[in-house]
Every structure is written in structure tokens, then in C-alpha cells.
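Undergrad: Input: one structure, supplied below.
Nothing in this text is a laboratory measurement; each read-out follows from the coordinates by a stated rule. Treat the numbers as computed from the prediction; the structure is a model and nothing was measured. Note that each Cβ is placed from the backbone with ideal geometry, even for glycine, and that neighbours are counted across all protein chains shown.
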Amino acid sequence: MTTPFPHERTAIVTGAASERGIGRAAARRLASHGWSLGLIDRDGEALTELAMRIRSELGVRVAVAAVDVADEAAVRAALDGLEAGLPPFVALANVAGVSSPTPYLELSPQEWRRVLDIDLDGVHYVTKRVAESLARQGVGRIVSISSVSAQRGGGTYSKTPYSVAKAAVIGLTRSLARELGPFGVTVNAIAPGPIDTDIMGGRLTDERKAAMAADGVLPRIGTVDDIAAAIEFLISEDSGFITGQTLNVDGGLYMH
């Protein structure tokens, strides 16, 4: 017997500050489906502005925390504060991340550490704290953003440390699916292909979009709304028998 979703429920979304990012698109989509939101990002000013817009336009509860996901103590304190002021946590979308186009032979220890601190350790820190709440109540959804780069060994904008971190996210997802399944919590990953966001090294020209789309099956690259729709599905109540999976949203770039 599974525990039903609470009528009032909160989704935590990391990386929601970027104006053209997946996190912001996911936050808006979830709010439009009635989720209350706890938003986490380093850019507190942008988060506060976004929260005001969502409250005004969609009428849901939104709280924000300006925090670096690579700081475990700060993450735990921020989530404690968000939990105290919002409906029960039911879902987490781990979207916060950084890119890294540096070639491996030019890679510094600092750049390696920067990418793994955010793209892997940050996912772990946020997930660990939210999972504690989900396990206590007996229901929950966790979705983390990986990348087709993890499956193809790069070949996108970012290179080795990014691919390593995103591959580790898939391993983390599978392991947590096993450990958290008995508590009614599902854990899945999404592996986007090229998406039109600034993490690809700034705004994409039509020429870059065409070049990136050429590797796939569909005649375009992805949008933030493509990924937000996948997030919304995987954290919905209807997706309760899907866990430990990596959903590729990549226009057919990687088939397996």
C-alpha cells in the first residue's frame, strides 16, 4: 500500500535563478500544476524576483534560499528553513550545475574540483537532506539532471570533469532507487542532449544549433520546456512505478 501524495505538497528545485535555464522552466511548470516551491540557487536576488512573479501569476506558495549547493552545512540549514515554512516536501529536482569546456590535458586541479563539487557533491548534499524527509513520510520523488555527455563520453560542449560528474549522478540515482524504494521514494535521472541554455557557453547562434542538431534524429536541439516537461512527469503521482531509470531527452542523439 503506497502513501498518497499530500494534497498540499512542495517541490524543491535547485538552480532556478538563471533566466534561460532548466531550473526556472521547471519551477514555473510545477507551479502551474499546483506545487508549492522551495527554490535554491546562489543568486538570491534573481530567486526572490522569480518567486514574486510565480506567486503573483500562479498563486502558489514559494520560498527561496540563496545557497551554494556545494556547501553541505549551508544546504542543510537552508532546507531546514524551507521545510519549516512550506507544505511537506514530496519532490526534488536537482538541476543546479556548471559546465566545463576545458580540454583534459589543460585541466587544473581547481577546475576538476569546481565541477565535481557542484555537479556531483551538490546533488548528493541536497538529495540526502530531502530524502530524510521523504523517507519519514513514506512517499516522494527525486529527479536529477545528468547528461547525454555521461553516456557518450562527452562530445557536447562540456568535457571530461562534467561527463564524470554526470555519469556519477546516474550511478547515484540507481543506488538510491534501491535504498529509498522501500520508503516509497522513487529516484530517476534525466539525460538531456544539447539544450538551448546559457550553460552551453552563452546564447546559441542558428549555426551552432544546426550543428548540434545534426547528430540527432530530430531536426532541432532541445528547449528548457522539453526538460521541464520530463521533470514534471517523473515527479508526478502517476510515475510511482518508475525508478532507477535514466530518461534521455535528446532528440535521438543516444539510443540504448
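Undergrad: Given R₀ = 35 Å, FRET efficiency for Arg114-Glu45 by Cβ-Cβ distance, to 0.05? Numbers along the way, then the final one.
TA: Values: r = 22 Å, r/R0 = 0.64.
The pair Arg114/Glu45 has a calculated efficiency of 0.95.
Undergrad: What per residue convex hull volume, in Å³, comes out for region 100-161 when only alpha-carbon positions are used? Let's see the in-between values first.
TA: On the way: hull volume 4.7 nm³, N = 62.
Measuring per residue, one finds 76 Å³ for the Cα hull of region 100-161.
Undergrad: Then there is this: Just report the Cα centroid separation between region 216-253 and region 96-166, whole Å.
TA: Their Cα centres are 17 Å away from one another.
Undergrad: More than 25 Å apart: what percent of Cα pairs in the chain qualify? Write out the running numbers ahead of the final one.
TA: Details: 12776 of 32640 pairs.
Beyond 25 Å sits 39 percent of the P(r) for the chain.
Undergrad: Which of Val164, Val143, Ala16 sits closest to the plus end of the dipole of the chain, meaning its Cα is farthest towards the positive end, when Lys and Arg get +1 and Asp and Glu get -1 on the C-beta?
TA: Farthest along the dipole direction, towards plus: Val143.
Undergrad: Turning to a different aspect of this structure: Roughly how big is region 10-249's charge dipole about its Cα centre, with Cβ charges of +1 (Lys, Arg) and -1 (Asp, Glu), in debye to the nearest 20? Could the numbers behind the result be given before it?
TA: On the way: 24 positive and 28 negative charges, 73 e Å.
Dipole magnitude for region 10-249 comes out near 340 debye.
Undergrad: Give me, ordered by chain and number, the residues 5 or more places off Ala17 or on other chains with an amide H under 5 Å from its own placed amide H.
TA: Distant-sequence amide H within range of Ala17: zero hits.
Undergrad: Also, quick follow-up: What ratio of Cα Rg to 2.2 N^0.38 Å holds for region 1-139? If you can, show how the numbers build up before the last one.
TA: Numbers: Rg = 15.7 Å, N = 139, 2.2 N^0.38 = 14.3 Å.
Against the compact-globule rule of thumb, the ratio is 1.09.
Undergrad: Please work out the FRET efficiency for the pair Met52 and Leu105, using the Cβ-Cβ distance as r and a Förster radius of 35 Å; give the result to the nearest 0.05. Display every interim value, and only then the final one.
TA: Values: r = 46 Å, r/R0 = 1.32.
The computed FRET efficiency comes out at 0.15.
Undergrad: A further question on this structure: Relative to a virtual label point 7 Å from the Cα of Thr3 in the Cα→beta-carbon direction, which members of region 118-133 show backbone nitrogen distances below 14 Å?
TA: Residues passing the 14 Å test: 130-133.
Undergrad: Now for a separate question. Against the empirical 2.2 N^0.38 Å scaling, what ratio does the C-alpha Rg of region 1-64 come to?
TA: Numbers: Rg = 11.9 Å, N = 64, 2.2 N^0.38 = 10.7 Å.
In units of the 2.2 N^0.38 Å rule of thumb, it is 1.11.
Undergrad: Stretched out fully, how many nm does the piece from Leu218 to Glu237 gain, at 0.36 nm a residue minus the Cα gap?
TA: Working: separation 19, 0.36 × 19 = 6.84 nm, distance 2.96 nm.
Stretched fully, the Leu218-Glu237 segment lengthens by 3.9 nm.
Undergrad: Say R0 is 25 Å: what FRET efficiency, to the nearest 0.05, do Phe183 and Ala84 get from their beta-carbon distance? Show your work: numbers first, answer last.
TA: Numbers: r = 22 Å, r/R0 = 0.87.
Efficiency for this residue pair is about 0.70.
Undergrad: Please build a GNM for the chain, connecting alpha carbons under 10 Å apart, and tell me which residue among Glu232, Glu83, Glu106 fluctuates the most.
TA: Top of the fluctuation ranking is Glu106.
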